[in-house]
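Note sheet for the following structure.
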Amino acid sequence: MKAVHQCHDRTQAQGYPLVRRGVDGPGTQMDAEFLLVLCTCPDDGSAAALSTALVEERLAACVNRISGVRSRYRWQGQAESADEVLLLIKTRAERFAALQETICKLHPHENPEIVGIDIAAGASAYLDWIRSSVK
């Protein structure tokens with residue numbers, strides 16, 4: 001997605017709420033303590049800066065950077081392709097809003113991918129480490 005302006009202009013207070021599907025649905029509950037957040041970056045430089053900021057600010061316990069991702073998507077009515085760097089961000093669900101805000105401030109894209117996936121299970125020691133690393 002091409003850079004136009006940063007998404008921090010479109011925060012929750014300005015009509016872009018955090019969406020969690022199924023929270024109000026019958027028989028569903030999404031209350032996982034931990035999230036795996038996916039975010040793609042256009043290059044190694046922006047991926048490095050973003051991953052450093054998230055860990056330094058204790059919004060993420062760990063960020064894996066996976067280079068060589070080729071994305072195909074529709075943007076402003078056109079089919080596009082781009083080489084990207086995928087970030088796998090491990091965090092606590094309660095810190096998602098702050099993490100999202102930081103990504104929006106630092107990410108060069110107008111509408112960056114920010115997708116949180118509940119972590120349903122994990123090694124106890126690893127989840128304890130996430131819990132103690134993210135404040």
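The values are calculated or read from the model by the stated rules, or taken from the named source; none is laboratory data. This one's a predicted model, so the numbers in the text were calculated from it and none came from an experiment. Glycine also receives a Cβ, built like all others from the backbone with ideal geometry; neighbour counts cover every protein chain displayed.
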Scan the range 115-135 for residues that are touching a helix residue (DSSP H, G or I) at 6+ places or on another chain (Cβ under 9 Å) and not in a loop (DSSP other than H, G, I, E, B) and jot them down.
GLY116, ASP118, SER133
Mind checking which residues of the range 107-135 are closer than 14 Å to VAL37 by Cβ and surrounded by 13 or more Cβ atoms within 10 Å (Cβ to Cβ)?
HIS107, PRO112, GLU113, ILE114, GLY116, ASP118, ILE119, ILE130, VAL134
Are any of the residues in the range 71-80 within 18 Å of the chain's Cα centre (by Cα) and of a type in the set (Lys, Arg)?
no
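So which of ILE117, ILE103 is touching a strand residue (DSSP E or B) at 6+ places or on another chain (Cβ under 9 Å), under 18 Å from ASP31 (Cβ atoms) and among the aliphatic types (A, V, I, L, M)?
Values: ILE103 fails: under 18 Å from ASP31 (Cβ atoms).
Step by step, each of ILE117, ILE103 is checked, and only ILE117 is touching a strand residue (DSSP E or B) at 6+ places or on another chain (Cβ under 9 Å), under 18 Å from ASP31 (Cβ atoms) and among the aliphatic types (A, V, I, L, M).
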Please count how many residues of the range 58-99 are within 17 Å of GLY122 (Cβ to Cβ) and either exposed (fewer than 12 other Cβ atoms within 10 Å of the Cβ) or not hydrophobic (A, V, I, L, M, F, W, C) (or both).
6
Restricting to the range 27-42, count the residues that are surrounded by 14 or more Cβ atoms within 10 Å (Cβ to Cβ), of a type in the set (A, V, I, L, M, F, W, C) and not in a strand (DSSP E or B).
1
Would you please list the contacts, defined by Cβ atoms under 8 Å and residues six or more apart or on different chains, that run from a residue in the range 25-38 that is farther than 20 Å from LEU88 by Cα and of a type in the set (Val, Ile, Thr) to a residue that is at pLDDT below 95 and in a loop (DSSP other than H, G, I, E, B)?
THR28/GLY22
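Consider GLY45 carefully, then state whether it is without any contact (Cβ under 8 Å) to a residue 12 or more places away in the chain and either surrounded by 15 or more Cβ atoms within 10 Å (Cβ to Cβ) or part of a helix (DSSP H, G or I) (or both).
Values: without any contact (Cβ under 8 Å) to a residue 12 or more places away in the chain: yes; either surrounded by 15 or more Cβ atoms within 10 Å (Cβ to Cβ) or part of a helix (DSSP H, G or I) (or both): yes.
For GLY45, the condition - without any contact (Cβ under 8 Å) to a residue 12 or more places away in the chain and either surrounded by 15 or more Cβ atoms within 10 Å (Cβ to Cβ) or part of a helix (DSSP H, G or I) (or both) - is met.
Residue check: is CYS104 surrounded by 14 or more Cβ atoms within 10 Å (Cβ to Cβ) and farther than 17 Å from PHE34 by Cβ? First the steps, then the outcome.
On the way: surrounded by 14 or more Cβ atoms within 10 Å (Cβ to Cβ): yes; farther than 17 Å from PHE34 by Cβ: yes.
Criteria met by CYS104.
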